[in-house]
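**Q** Submitted below is the structure of interest, expressed as structure tokens.
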Amino acid sequence: MNDASPDAPRTTRFKTRIFSGIQPSGGLTLGNYLGALKRFVEKQNEGIEAIYCLVDLHAITVWQEPAKLRQQTREAAAGFIAAGIDPERSILFNQSQVSAHAELAWVFNCVARVGWMNRMTQFKDKAGKDKEAASLGLYAYPALMAADILAYHATHVPVGEDQRQHLELTRDIAIKFNHDYGTDFFPVTEPLIEGVATRVMSLRDGTKKMSKSDPSDMSRINLTDNADTIAQKFRKAKTDPEPLPQAIAALEARPEAKNLVNIYAALAGTDPQTVLDEFAGQGFGAFKPKLAELAVEVLAPISAEMGRLMQDPAQIDAILGRGADRAKAIAQPILDRCFEIVGMVRSRRG
Ligand code: TYM
């Protein structure tokens with residue numbers, strides 16, 4: 001079933017194609033924006049073929065109120081479009097509308113080893129103390145994520161730092177599948193974890209990731225926050241009494257200060273040293289209002305456009321439906337071929 005010439009190197013046989021996903025399990029945060037969405041737009045604008053997915057099947061690995069899940073999926077789609085994803089150039093859709101994801105995930109459940117899953121730190125974090133009560137889906141989640149990516153033979157996956165381990169597992173699954181079935185059918189995907197905002201931290205605790213699931217809304221900036229809320233959250237953000245230093249190295253022992261400097265740099269499209277060159281010697285009383293001002297300047301147009309798009313949910317649904325049709329056209333032949341490789345009888349017509 002090997003469809004490549006035997007001497008073609010595994011990683012160059014595949015056309016460059018990006019896939020990435022975001023869970024619609026809450027509102028989009030500044031972490032999602034700087035670590036993922038902003039970079040998705042850059043990749044799209046570099047002219048790379050890109051597929052972006054609202055992973056609703058992943059979201060239900062923890063309980064989601066059905067009406068809220070639908071609302072959040074539409075709102076996240078609006079966020080993508082408002083941030084600059086063009087649903088004509090890129091493919092934008094929600095995962096559950098393309099059944100290939102769940103079907104390929106089953107095959108990968110049978111490729112991945114229990115021992116591999118046991119090493120996933122995100123499962124340990126999310127399941128918390130009572131692992132017995134976690135859903136089976138939460139445990140199997142990384143195999144579904146591998147299916148998301150490999151159903152499109154995606155070669156590159158832009159994500160934040162917290163997804164690195166899942167992408168390593170995706171590579172392991174592709175390698176084991178290829179090895180077990182004596183093929184080079186699946187690409188060994190490259191993670192793209194780049195820039196200064198690959199790990200935006202909580203505003204209340206510089207050692208914890210900013211997350212949509214944190215119980216404190218003050219810990220994060222949401223893309224839908226208004227200017228006053230953004231200013232208030234930065235004003236109340238945890239910091240220390242020292243002024244900003246001149247040298248980056250001096251931020252190492254100051255996680256909250258480092259986080260705010262990194263956020264400023266990412267929003268301004270510059271690097272942390274340039275930010276320190278401007279603000280060294282100044283205290284947070286001076287720096288925080290400037291940071292809030294910059295955040296509002298970047299986020300206000302996005303949140304206004306999201307609000308406008310959300311007034312027409314039918315239009316958003318139509319965009320997701322068209323995206324799903326285009327996604328299916330790529331994924332279905334790959335899934336069919338995978339089933340053939342595995343040894344399934346495929347005899348239906350049409
Ligand atoms: P999710 O929904 O938790 O996050 C979506 C994207 O945002 C990034 N991100 C952050 N980046 C920097 N700082 C933060 N504080 C921060 N919080 C989130 C994440 O790294 C991610 O890139 N399992 C994935 C969704 C997924 C996926 C995929 C991604 C499902 N299938 C296939 C890539 C390819 C997740 O839960 O992301």
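**Q** What percentage of all Cα-Cα pairs in region 21-164 are separated by more than 22 Å?
**A** On the way: 4152 of 10296 pairs.
Every Cα pair in region 21-164 considered, those over 22 Å come to 40 percent.
**Q** With the chain treated as a Gaussian network of Cα nodes joined by springs under 10 Å, which of Met201, Met145, Met117 yields the largest mean-square fluctuation?
**A** Met117
**Q** Now, a different point. Please report, in debye to the nearest 20, how large the charge dipole of region 191-328 is about its Cα centre when each Lys and Arg carries +1 at its beta carbon and each Asp and Glu carries -1 there.
**A** Details: 18 positive and 19 negative charges, 83 e Å.
The calculated dipole for region 191-328 is roughly 400 debye.
**Q** OK, next. Specify the residue with the greatest mean-square fluctuation among Ala295, Ala227, Ala314, computed from a Gaussian network of the chain linking alpha-carbon atoms under 10 Å apart.
**A** Taking springs between Cα atoms under 10 Å, the residue moving most is Ala314.
**Q** Here's a follow-up. Excluding Ile316 itself, calculate the net charge of residues whose Cβ lies under 12 Å from the Cβ of Ile316, where each Lys or Arg counts +1 and each Asp or Glu counts -1.
**A** Values: positive: Arg70, Arg74, Arg308, Arg322; negative: Glu75, Asp312, Asp317.
Overall, the nearby charge balance is +1.
**Q** Continuing with the same structure: Of all the C-alpha pairs in region 217-309, what % are more than 19 Å from each other?
**A** Value for region 217-309: 39 percent of Cα pairs lie more than 19 Å apart.
**Q** What number results when the radius of gyration of the chain, computed over Cα atoms, is divided by 2.2 N^0.38 Å?
**A** Details: Rg = 21.3 Å, N = 350, 2.2 N^0.38 = 20.4 Å.
Dividing the Cα radius of gyration by 2.2 N^0.38 Å gives 1.04.
**Q** Taking the DSSP beta bridges in the chain as the whole, what percent of them are antiparallel, to the nearest 5? Each step should come with its number before you reach the end.
**A** On the way: 2 of 15 bridges.
Antiparallel bridges: around 15 percent, rounded to the nearest 5.
**Q** Within a Cβ distance under 11 Å of Pro87, other residues only, what is the Lys/Arg minus Asp/Glu net charge?
**A** Numbers: positive: Arg89, Arg322, Arg326; negative: Asp86, Glu88.
Cβ neighbours under 11 Å give a net charge of +1.
**Q** If the elastic network links every pair of Cα atoms under 10 Å, which of Val157, Val55, Val275 fluctuates the most in the Gaussian network model of the chain?
**A** Answer for the Gaussian network model of the chain: Val275.
**Q** Can you compute 3J(HN,Hα) from phi for each residue in region 277-290, using the Karplus curve 6.51 cos²θ - 1.76 cosθ + 1.60 with θ = phi - 60°, rounded to whole Hz and x for Gly and Pro?
**A** Whole-Hz 3J(HN,Hα) from phi for region 277-290: 4, 7, 10, 3, x, 8, x, 6, x, 8, 6, 4, x, 5.
**Q** Any idea what the dipole of the chain comes to, in debye rounded to 20, about its Cα centre with Lys/Arg Cβ at +1 and Asp/Glu Cβ at -1? Spell out each step's value before the answer.
**A** Working: 42 positive and 43 negative charges, 135 e Å.
Charge dipole, the chain, about its Cα centre: 640 debye, nearest 20.
**Q** Counting other Cβ atoms within 10 Å, keep those with at most 16, restrict to DSSP loop, and tell me which trypsin sites (Lys or Arg not before Pro) in region 44-135 are left.
**A** Working: sites: Lys68, Arg70, Arg74, Arg89, Arg113, Arg119, Lys124, Lys126, Lys129, Lys131; in loops: Arg89, Arg113, Arg119, Lys129.
Qualifying residues, ordered by number: Arg89, Arg113, Arg119, Lys129.
**Q** Also: Can you give the longest run of the chain that contains no GluC sites (Glu not before Pro) sitting in a DSSP loop with at most 16 other Cβ atoms inside 10 Å? Mind showing how you got there, number by number?
**A** On the way: sites that count: Glu46, Glu88, Glu194, Glu252.
That gives 89-193 as the longest site-free run.
**Q** Among Met306, Cys338, Gly323, pick out the residue whose Cα is farthest towards the positive end of the charge dipole of region 296-350, where Lys and Arg carry +1 and Asp and Glu carry -1 on C-beta, about the Cα centre.
**A** Cys338
**Q** Can you check what the net charge comes to around Asp56, using other residues whose Cβ is under 14 Å from the Cβ of Asp56 (Lys, Arg +1; Asp, Glu -1)? Provide the component values of the computation, followed by the final result.
**A** Details: positive: Lys68, Arg70, Arg74; negative: Glu65, Glu75, Asp148, Asp317.
Taking every other residue near Asp56 into account, the sum is -1.
We did not get these values from a lab; they are worked out from the coordinates using the rules stated. Just so it is clear, the model here is predicted, and its values are computed rather than measured. Cβ atoms come from the backbone with ideal geometry, glycine included; neighbour counts cover every protein chain shown.
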